[in-house]
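A quick write-up on the structure given underneath.
The values are calculated or read from the model by the stated rules, or taken from the named source; none is laboratory data. Nothing here was measured: the structure is a model prediction, and the numbers come from that model. Don't worry about glycine lacking a Cβ; one is built from the backbone with ideal geometry, like all the others, and counts go over all protein chains shown.
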Amino acid sequence: MAIIKVEHLAKIYGSDTDKALKLLNQGMDNESIKKQTKQVVGVRDVSFQVEQGESFVIMGLSGSGKSTLLRCLNGLINATAGKIIIDGQELTGMSSRQLEELRRKKMGMVFQRFALLPHRTVLGNVGYGLEVQGIARDKRDQQALQAIEMVGLKGWEDSYPANLSGGMQQRVGIARALATDPDILLMDEPFSALDPLIRQEMQDELLEIQNKLQKTIVFITHDLDEALKIGERIALMKDGKIVQMGQPEDILLSPATEYVARFVENVNYSRALTASSVMVKARNVVHPKDGPMTALHIMEKFGMSSLFVTDRLGKLLGYINADDAYEIANQGIRKLDTIIKTDAPVAQPDTPLCDLLDVMAHTKVPVAVIDETNHLKGILVRGSVIAGLAGERRETYE
């Protein structure tokens, strides 16, 4: 279910936005609109939905409109045209009081520059939103302490921001947003001011929190690696509009424009791609009751030296190799049960390729890609993995 809906949103800065909006709707580019009207287009004709519990990343270079779009989502900036619907409520047209109530109960905001109150302790900062809501002291302290522990700052609740590192201060910012238990987290480049190693730690921390809480997250970034790591879907912006939107692998493997292709050309594919993106279908499998001659015939036909074994429902049982099959065939054994090996290398569909390269370099059989119920979804062979790392489309190898 979509908790955020944005329909044909536009934001134009200036005193004569109607004329600029008319030109925008006629398809005129931003620079021409600025020359003719002296108005600046921040966002143009943007539409998307964010599902409940989804991590949705909006990315782009400086000036692409991503932060303007985020501020429209919580009403800090009034949109010029279009609709924003938050959990069934239309944001455009709300009174100041209604907007304030929506922000307090539905949304948590995490800023790039921490925005902590220097005269308040960690506990006081984290509990600030609850205090504004009028929550009793005991209850808000309890909720704030839970949020502080969740971000790994237990024991620091009596410290002041000046005594914390940058990463710790950002943790306080995240805890403050979580303390009110909002449905939606809006995060505006929250880690961009941090050192690279601390930034990676904070990304991991966010993913761990999201795995527990399943909040709806709209995350702004200019960093592609960060977007690929955090986003279930990514919207890439340029000149105020979305030029491509989809899952991370859609962006990497099928860039919609030359701009997107240039954006992703230097990405580390081994970190960005997962097993599911480069696996091929395991077309040839055998079952325990199949005979060794059947297995050997399949291997000979397709030039293979091993086969995966599944039950009739597709659950992985192991694999067999040609030497063992040949041996039991000579012994007159008609079933494969005795030669099934259970040490097949396996991976989950969402396992990053970088975690599998060493396994693939040393294994003599393909890597089996299995789901949480141990059903065989596909296999990783060197050709498909190399093609994926080279940036080729997966469909070529299926």
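Looking only at region 34-46, which residues are surrounded by 20 or more Cβ atoms within 10 Å (Cβ to Cβ) and of a type in the set (K, R)? So that I can check it myself, show each step before the final result.
Within region 34-46, the first condition is being surrounded by 20 or more Cβ atoms within 10 Å (Cβ to Cβ), and the residues that meet it are 37, 39, 41-44, 46.
Once the filter is applied, which keeps residues that are surrounded by 20 or more Cβ atoms within 10 Å (Cβ to Cβ) and of a type in the set (K, R), region 34-46 yields only R44.
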Self-check item: Failed condition for K139, given (1) at pLDDT 90 or above; (2) assigned by TED's automatic domain parsing to the domain that holds P248; (3) part of a helix (DSSP H, G or I)
Solution: (2)
Practice problem: Can you work out which of the residues in region 292-331 that are modelled with pLDDT of 90 or more and of a type in the set (G, A, S) is farthest from the chain's Cα centre (by Cα)? | Solution: A329
Self-check item: Candidates V309, V260, V280 - the one that is surrounded by 15 or more Cβ atoms within 10 Å (Cβ to Cβ) and not assigned by TED's automatic domain parsing to the domain that holds I379
Solution: V260
Quiz item: Of the residues that sit in region 89-136 and are closer than 30 Å to K5 by Cβ and of a type in the set (D, E), which one is modelled with the highest pLDDT?
Solution: E90
Self-check item: Among (1) out of contact with any Lys or Arg (no Cβ under 8 Å at 6 or more places or on another chain); (2) among the aliphatic types (A, V, I, L, M); (3) in contact (Cβ under 8 Å) with a residue 40 or more places away in the chain, the one test that V369 misses
Solution: (1)
Self-check item: Which numbered condition T80 fails, given (1) surrounded by 18 or more Cβ atoms within 10 Å (Cβ to Cβ); (2) at pLDDT below 90; (3) among the polar types (S, T, N, Q)
Solution: (2)
Exercise. Select, from V110, V151, the only residue that is under 26 Å from I230 (Cα atoms), in the same structural domain as E54 (by TED's automatic domain parsing) and under 20 Å from the mean Cα position of the chain (by Cα).
Key: V110
Quiz item: Taking region 1-32 as the region of interest, how many residues are surrounded by 20 or more Cβ atoms within 10 Å (Cβ to Cβ), β-branched (V, I, T) and over 16 Å from K238 (Cα atoms)?
Solution: 2
Quiz item: Residue check, L197 against (1) over 29 Å from S47 (Cβ atoms); (2) modelled with pLDDT of 90 or more, all met but one. Which one?
Solution: (2)
Practice problem: Starting from region 77-106, take each residue that is among the polar types (S, T, N, Q) and list its partners that are at pLDDT 90 or above, counting only C-beta distances under 7 angstrom and pairs at least six apart or across chains. | Solution: T80/A10; T80/K11; T80/I12; T80/T17; T80/L21; T92/A79; T92/K83; T92/I84
Exercise. State all residues of region 47-77 that are within 18 Å of P190 (Cβ to Cβ), more than 20 Å from the chain's Cα centre (by Cα) and either surrounded by fewer than 18 Cβ atoms within 10 Å (Cβ to Cβ) or β-branched (V, I, T) (or both); if no residue qualifies, say none.
Key: S62, T68, L76
Quiz prompt | Meets criteria (without any contact (Cβ under 8 Å) to a residue 24 or more places away in the chain, part of a helix (DSSP H, G or I) and surrounded by fewer than 17 Cβ atoms within 10 Å (Cβ to Cβ)) for A361 | solution = yes
Exercise. Please work out which one of (1) crowded, with 16+ Cβ neighbours inside 10 Å; (2) at pLDDT 90 or above is the condition G152 fails and give its number.
Key: (2)
Quiz item: Of all residues in region 155-207 being within 24 Å of H222 (Cβ to Cβ) and among the small types (G, A, S), which is surrounded by the fewest Cβ atoms within 10 Å (Cβ to Cβ)?
Solution: S165
Self-check item: Checklist (1) in contact (Cβ under 8 Å) with a residue 24 or more places away in the chain; (2) in contact with a Leu (Cβ under 7 Å, 6 or more places away or on another chain); (3) under 22 Å from G65 (Cβ atoms) applied to A272, failing item
Solution: (3)
Quiz item: Hey, among the residues in region 224-248 that are over 10 Å from the mean Cα position of the chain (by Cα) and without any contact (Cβ under 8 Å) to a residue 40 or more places away in the chain, which one's nearest to A275 (Cα to Cα)?
Solution: G246
